[in-house]
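Accompanying notes for the structure given below.
The values are calculated or read from the model by the stated rules, or taken from the named source; none is laboratory data. Keep in mind that this is a model prediction, so the values were computed, not measured. Cβ atoms come from the backbone with ideal geometry, glycine included; neighbour counts cover every protein chain shown.
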Amino acid sequence: MRRVPWIPACIIATMVFMAVFAPLLAPWSPIDQTLRDRLLPPAWLDGGSLHHILGTDAFGRDILSRLIYGARVSLIVAALALTAGGGVGLTIGIVAGYIGGAVDNLLMRLVDAAFTFPAILFALLLAVTMGQGLTTLVIAISLLLWASFARIIRGEVLALRHRDFVALARVRGCSSLRIMLTHILPNVLNTFMVLVTLNIGVVIIAEASLSFLGAGIPPPTPTWGLMISEGRGRIADAWWVSLIPGIAITLLVLSVNQFGDWLRDRLDPRLRQL
Amino acid sequence: MTADPVLEVRDLHTHFFLRRGVVKAVDGVSFTLHRGEVLGLVGESGCGKSITALSVMRLLPRSGGARTVQGQVLLNGEDLLTKTPREMRDIRGGRISMILQDPQTSLNPVFSIGDQLREAIMRRTRGRRIDAMREAVDALRRVDIAAPEQRLGQFPHQMSGGMKQRVVGAIAMSRHPEVLIADEPTTALDVTIQLQYLKLLKRLQQETQLAILFITHDFGVVARMCDRVAVMYAGRIVECGPVDQVFDNPSHPYTQALIASVPKMTETAQRLYTIEGQPPSLMDLPAGCRFAPRCPYADPRCRNVYPDTCTVGPRHTADCWRLAAA
């Protein structure tokens with residue numbers, strides 16, 4: 001049995017904690033500009049001060065505070081988009097894989113269509129028609145995610161469908177709905193969990209790209225992706241502006257992946273020893 | 001054995017409608033299964049044994065284009081082929097049950113044995129959890145599983161193949177069905193476990209007066225398990241009768257050839273007898289007797305007209321022109 005990955009778990013817990021209690025934790029406002037204090041380096045560098053432990057950005061905003069508030073947006077977007085996109089993908093994958101035939105064909109052609117669709121373009125279109133904001137961002141990212149979920153889950157279901165326990169469930173008089181819910185779904189949950197953790201990184205990066213393009217959360221609300229793109233032009237002299245949110249994204253994605261690996265092993269009864 | 005038919009299949013035709021043509025997998029099968037009786041259905045791979053079973057259960061693969069086009073399946077006089085899907089689901093769980101070949105995939109890997117037994121039991125009694133628990137323990141005890149209380153919490157991968165197949169048996173019998181269809185239940189088990197499993201199945205069958213349709217290709221298993229045997233060839237039953245009569249006096253040339261090709265321990269080793277040629281394509285069946293192209297006695301009539309079913313002994317019939325002439 002693998003040990004519980006304590007370090008990743010602590011990192012995830014810290015980020016969630018930061019997101020939930022952002023107003024209490026942040027030393028400064030994340031949006032108020034103080035142009036006198038612009039581009040202050042972190043405390044441990046020359047010229048840094050303990051007032052702004054992680055330094056300030058080009059508008060004199062405290063990076064630590066923006067990081068803490070940014071965790072909110074990133075985690076909320078990730079949670080909502082993965083619930084919506086992943087949930088739709090899971091449902092479609094199971095239905096297509098189990099029912100098969102014409103239904104499967106239709107749904108899988110939809111998936112193919114979704115793959116050919118330029119997601120960024122679609123997100124921009126949504127932003128124009130619906131206006132920028134959290135809802136638009138979540139819908140755009142969900143549309144990006146569901147197809148890959150559906151395709152992978154369907155493949156898994158195709159293999160499961162021909163296992164004898166499914167046939168025997170039908171022999172026992174289970175309806176198709178019941179088989180999908182009680183026999184197929186628990187068997188694909190492992191895969192689903194792994195997909196979710198792997199896609200958290202994708203979501204955070206998608207959120208960053210869309211925010212950068214102006215189709216995401218509008219500034220000045222801090223998001224990690226936005227923070228990176230804001231510091232992009234000054235990477236040579238004020239590297240901390242981009243690097244610090246970059247490190248946050250890396251840590252979160254790594255931790256979530258580690259945690260996902262552990263969860264997968266934990267959920268697999270074959271690996272669960274007495 | 002009383003003449004009390006539980007399951008009667010009359011002139012069953014199940015065809016696969018493919019783009020390349022029609023595959024007549026089951027083409028006019030009739031048999032009767034009585035209460036407390038084990039009927040063996042034997043034949044080589046692809047002769048339609050399993051499709052017959054699936055037609056009875058109405059669980060033909062939906063994507064394969066399979067349809068039962070003609071016939072009746074009477075369970076205590078009620079025709080299953082005219083039931084609604086909902087009625088059929090009730091019948092499947094409660095009155096007809098099934099055991100499949102491979103115990104490795106017959107159990108859901110993510111649920112404990114207890115959960116899977118309970119699922120089957122709860123659907124019958126709609127009762128309380130604690131009663132279902134007790135019944136699950138009893139069900140496991142009936143199939144000779146030691147320490148059933150501890151086994152309930154275990155997962156399929158923690159059990160051996162033979163034990164899993166006994167659990168599958170326990171689940172199949174948990175709702176006290178009238179008919180059990182066993183589709184090669186011992187093929188995937190090793191020989192010593194096979195014997196043990198067959199004895200267990202036989203004992204349970206005698207205790208509960210269960211009727212079993214036992215599908216196999218192994219004549220040894222037939223001799224041990226069955227009261228009567230039906231021999232199937234290319235989608236039809238060619239001979240049917242009590243096991244000892246069919247063994248002592250095989251009347252259809254195909255049955256004779258099958259029995260001759262079973263190696264005998266009592267004789268010194270010789271070349272094994274084999275049947276020349278291949279079974280006919282189910283898409284392009286011969287007009288007359290299906291076995292005629294491989295039959296050493298075939299004459300022009302055999303090739304053109306399907307023979308009548310002839311009585312060769314008490315409750316012993318075979319489809320062959322040679323018997324009609326006699």
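Data table
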item: So B:Val167, is it more than 17 Å from the chain's Cα centre (by Cα), closer than 21 Å to A:Ala169 by Cα, at pLDDT 90 or above and not assigned by TED's automatic domain parsing to the domain that holds B:Met57; result: yes
item: Residue within region A:154-163 that is closer than 30 Å to B:Arg118 by Cβ, out of contact with any helix residue (DSSP H, G or I) (no Cβ under 8 Å at 6 or more places or on another chain), part of a loop (DSSP other than H, G, I, E, B) and not β-branched (Val, Ile, Thr) present; result: yes
item: Residues satisfying the stated conditions in region B:295-312, i.e. outside any loop (DSSP other than H, G, I, E, B), out of contact with any Pro (no Cβ under 8 Å at 6 or more places or on another chain) and not β-branched (Val, Ile, Thr); result: B:Pro300, B:Arg301, B:Cys302, B:Asn304, B:Cys310
item: Boolean, A:Thr197 is closer than 30 Å to A:Asp46 by Cα, more than 14 Å from chain B (Cβ to nearest Cβ) and β-branched (Val, Ile, Thr); result: no
item: Positions within region B:264-307 being modelled with pLDDT of 85 or more, within 28 Å of the chain's Cα centre (by Cα) and charged (D, E, K, R), in sequence order; result: B:Arg290, B:Arg294
item: Complete set of residues in region B:41-70 that are under 30 Å from B:Val262 (Cα atoms) and not in a loop (DSSP other than H, G, I, E, B); result: B:Leu41, B:Val42, B:Lys49, B:Ser50, B:Ile51, B:Thr52, B:Ala53, B:Leu54, B:Ser55, B:Val56
item: Count of residues meeting criterion [charged (D, E, K, R), assigned to a loop (DSSP other than H, G, I, E, B) and under 26 Å from A:Pro218 (Cα atoms)] in region A:3-60; result: 3
item: Residue within region B:122-138 that is within 8 Å of another protein chain (Cβ to nearest Cβ), outside any helix (DSSP H, G or I) and under 16 Å from B:Ala172 (Cα atoms) present; result: no
item: Only one of A:Ala206, A:Ala159 that is away from chain B (no Cβ under 14 Å), out of contact with any Lys or Arg (no Cβ under 9 Å at 6 or more places or on another chain) and among the small types (Gly, Ala, Ser); result: A:Ala206
item: Failed criterion for A:Pro222 (all others in (1) within 30 Å of A:Pro5 (Cα to Cα); (2) assigned to a helix (DSSP H, G or I) hold); result: (2)
item: Residue in region B:202-236 that is nearest to the chain's Cα centre (by Cα), counting only those that are closer than 24 Å to B:His176 by Cα and either of a type in the set (Phe, Trp, Tyr) or in a loop (DSSP other than H, G, I, E, B) (or both); result: B:Phe214
item: Region B:134-173 - residue that is buried (at least 16 other Cβ atoms within 10 Å of the Cβ) and of a type in the set (S, T, N, Q) and, of those, nearest to B:Met98 (Cα to Cα); result: B:Gln165
item: Condition met for B:Glu239 (under 14 Å from the mean Cα position of the chain (by Cα) and under 27 Å from B:Ala318 (Cα atoms)); result: no
item: Lone qualifier among A:Thr250, A:Thr191 - being free of Cβ contacts under 8 Å to residues at least 12 places away in the same chain and assigned to a helix (DSSP H, G or I); result: A:Thr250
item: Residues (farther than 20 Å from B:Ala287 by Cα and either touching a helix residue (DSSP H, G or I) at 6+ places or on another chain (Cβ under 7 Å) or surrounded by 22 or more Cβ atoms within 10 Å (Cβ to Cβ) (or both)) located in region B:16-38; result: B:Leu33, B:Glu37, B:Val38
